[in-house]
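Peer 1: Please see the structure below; I have some questions.
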Amino acid sequence: MIVCVCHRISEREIARHARAGLSFDEIQLELGVATQCGCCEQTARAVVAQCGASNPVAALHNTLDAPGAHATALH
Ligand code: FES
């Protein structure tokens, strides 16, 4: 889905940058999202919040839930 019509930037592209650890400001600088009419800013920020903020926590939980992680923690 195209999020930013002015610059033809897709949700997938924004999500990819967010998962790489970039903040909204950095993505805005890199892609130009929400730098023209601004209509897409709220949606773009939501995509970044969903893909950027939640993933490191999920990754941490996955690491702690790994069988080897508990054995290591107990020793
Ligand atoms: S739709 Fe993104 S700046 Fe206009």
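Peer 1: Separation between the R16 and C39 pseudo-spin-labels, each 7 Å from Cα along Cα→Cβ, expressed in nm?
Peer 2: Once both label points are built, they end up 2.4 nm from each other.
Peer 1: Could you give each residue of the stretch 2-15 its phi-based ³J(HN,Hα) in whole Hz, using Karplus coefficients 6.51, -1.76, 1.60 with θ = phi - 60°, and x for Gly or Pro?
Peer 2: Residue by residue, the stretch 2-15 yields 7, 8, 9, 6, 4, 10, 6, 10, 8, 4, 4, 5, 5, 4 Hz.
Peer 1: Check V3: other-chain or 5+ apart residues with amide H under 5 Å from its amide H, H built from backbone geometry?
Peer 2: Amide H neighbours of V3, under 5 Å, 5+ apart: I9, S10, E11.
Peer 1: Continuing with this model, one more query. Taking 30 Å as R0, compute the FRET efficiency from the Cβ-Cβ separation of S23 and I2 and round it to 0.05.
Peer 2: Computed FRET efficiency for S23 and I2 comes out at 0.90.
Just so you know, all these numbers are worked out from the coordinates, no wet-lab data involved. Every value quoted in this text rests on a predicted model; they were computed, and no experiment measured them. No Cβ is skipped: glycine too gets one built from the backbone with ideal geometry, and neighbour counts run over all protein chains shown.
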